[in-house]
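What follows is a set of notes on a single structure, which appears directly below.
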Amino acid sequence: MLPVVALVGRPNVGKSTLFNAMTRSRDALVADMPGVTRDRHYGVCHLGPRPFVVVDTGGLSGVEEGLDALTAQQVRLAIDEAQVLVFVVDARDGLLPQDQGILSELRRSGKPILLGVNKTDGLEEQDALGEFTRFGIAAMLPLSAAHNRGTEDLIAAALPLLPPDEDESEAQAEDDSIRVAIVGRPNAGKSTLINRLLGENRLIVSDVAGTTRDPIRVPLERDGKRYTLIDTAGVRRRARVEEGVEKFSVIKTLQSMAASQVVVLMVDARENLADQDLTLIGHAVEEGRALVIAVNKWDGMDAYQREQCQRTLERKLVFVDWAKTVFISALHGSGLRELMRAIVRAHASATHELGSSDLTRTLEKAYEAYQPPLVRGHAPKLRFAHPGGSNPPTIVIHGSRTKHIAPAYRRYLEGFFRKRYRLEGTPIRIDFRDGD
Ligand code: GDP
Ligand code: GDP
């Protein structure tokens with residue numbers, strides 16, 4: 001499961017700037033996903049060799065009173081969730097008493113701490129760091145989050161402190177099951193669906209209940225196909241009740257998406273598609289996962305409501321129009337066959353093996369039909385293509401001036417490849433490379 005790194009510090013030291021620098025994706029899409037606690041941002045950092053979740057405990061903006069209490073609460077939550085703590089301070093403000101308070105709290109956790117000294121731009125390194133040596137934290141890193149300096153060093157320093165990679169790749173390679181993450185907001189019907197799919201087999205998981213806070217993997221066999229359901233909330237009803245509050249765990253959701261091949265996003269047909277649903281979809285796509293949208297509680301909706309719902313979904317989901325939407329009732333078990341078919345289909349597309357010569361031929365056809373617009377009198381050239389990986393299917397295209405290829409042309413190519421290989425239910429990645 002993805003490890004977790006938290007950014008902790010006073011307001012205004014630059015945590016959210018740093019968060020953006022760390023989670024910026026290939027497509028520069030920064031997704032923040034407010035969880036139950038407001039103003040906390042979660043993202044996945046892909047800049048190093050091993051991805052991890054970044055939590056920005058941050059934004060206390062607008063809060064005038066009880067700042068200390070709120071900071072303390074954020075700090076505790078960060079300590080609770082993360083394996084590595086990045087303590088962010090402001091080189092321009094220097095060492096303030098509140099920093100000292102936060103640090104003592106962090107130290108009590110016994111978790112590894114990195115000191116990120118931010119806003120060092122325009123300062124002499126010695127001046128910038130000097131004061132903070134008093135903290136006695138060995139790993140002290142000068143940063144300028146606003147200018148994206150020091151981020152790589154920070155990541156390099158954090159990686160060795162993370163818990164060892166369980167290296168599940170071997171086990172997964174032998175296991176031919178389709179790994180499915182079932183995600184969605186509370187009450188969407190995730191546990192009902194999982195229990196319904198498992199039928200009597202649900203007892204398998206009972207002894208796991210409460211022993212771990214990680215998402216749970218549940219084997220499922222259905223119509224001769226094997227699946228591993230990666231569950232964020234579902235089957236552990238009892239554990240959840242004991243925890244008291246039933247909270248939506250963004251971290252668990254990100255972890256289960258990362259561990260999966262196919263993400264099933266469950267939404268309640270009676271509720272509108274919320275921003276959080278769209279953010280979850282954005283994350284799944286950014287992570288390159290295949291995607292199925294399951295609209296639950298389809299039972300008991302009249303024809304008018306169904307039509308309204310379908311129309312809204314179509315409008316809001318144009319950006320993932322390749323993803324299949326299925327209408328189900330987890331409670332009554334209807335639509336589940338179609339759901340499983342969509343999962344199998346999406347998985348097949350996501351892991352489809354592409355061949356170099358065929359890709360190049362398809363590229364030529366696409367290029368002949370429609371060429372990228374000229375850039376200062378020169379056309380970007382696309383020469384040949386080869387596969388660059390699967391889940392998501394990645395197509396590497398070699399050419400020249402590919403930097404100038406507009407997003408619209410990239411989408412055109414994506415659509416062309418998608419149609420040619422009938423890649424339904426999965427995002428496609430295109431990597432342009434200049435020169436040969
Ligand atoms: P947060 O409250 O800790 O999340 O802080 P923000 O990320 O919102 O940053 C607070 C202010 O500091 C903003 O105006 C940023 O533009 C600024 N800032 C952040 N990082 C840097 C930096 O590296 N150098 C400078 N000079 N300013 C920065
Ligand atoms: P979770 O929080 O996503 O795991 O959601 P639950 O599975 O706990 O379901 C939340 C509520 O919705 C429960 O009261 C379920 O009985 C109800 N529910 C789940 N699926 C359906 C469905 O297909 N139709 C109807 N009418 N209710 C459902």
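No lab work stands behind these numbers, since they all come straight from the coordinates. Every value quoted in this text rests on a predicted model; they were computed, and no experiment measured them. Reconstructed Cβ throughout: ideal geometry from the backbone, glycine too, with neighbour counts over all protein chains shown.
Check which residues have an amide H placed less than 5 Å from residue 216's amide H, if you skip close sequence neighbours.
Counting only residues 5 or more places away or on other chains, the set is 231.
Which GluC sites (Glu not before Pro) in segment 75-150 sit in a loop by DSSP (not H, G, I, E or B) and have at most 11 other Cβ atoms within 10 Å of their own Cβ?
Here the GluC sites (Glu not before Pro) that fit, given the DSSP loop and packing criteria, are 124.
Taking 0.36 nm per intervening residue step and subtracting the Cα-Cα distance, what contour gain separates residue 12 from residue 104 on full extension?
Extending this stretch completely gives an extra 31.1 nm.
Tell me, 5, 344, 285 in order of fewest to most beta-carbon neighbours within 10 Å?
344, 285, 5
Roughly how far apart, in whole Å, are the Cα centres of segment 277-349 and segment 364-412?
31 Å
Please arrange 15, 316, 365, 324 by how many other C-beta atoms lie within 10 Å of their C-beta, fewest to most.
Fewest to most other Cβ atoms nearby, the residues stand as 365, 316, 324, 15.
What is the distance, in nm, between label points placed 7 Å from the Cα along the Cα-to-Cβ direction at residue 352 and at residue 379?
Distance between the two pseudo-spin positions: 2.7 nm.
Taking the number of other C-beta atoms within 10 Å as the exposure measure, put 165, 268, 231 in order starting with the fewest. Present the calculation step by step, with values, prior to reporting the outcome.
Working: 165 10, 268 18, 231 23.
With the sparsest Cβ surroundings first, the list reads 165, 268, 231.
Within segment 247-289, list the trypsin sites (Lys or Arg not before Pro) lying in a DSSP loop whose Cβ has at most 15 other Cβ atoms in a 10 Å radius. Don't jump to the answer; show the numbers that get you there.
Values: sites: 247, 252, 270, 289; in loops: 247, 270, 289.
Sparse-neighbourhood loop trypsin sites (Lys or Arg not before Pro): 247, 270.
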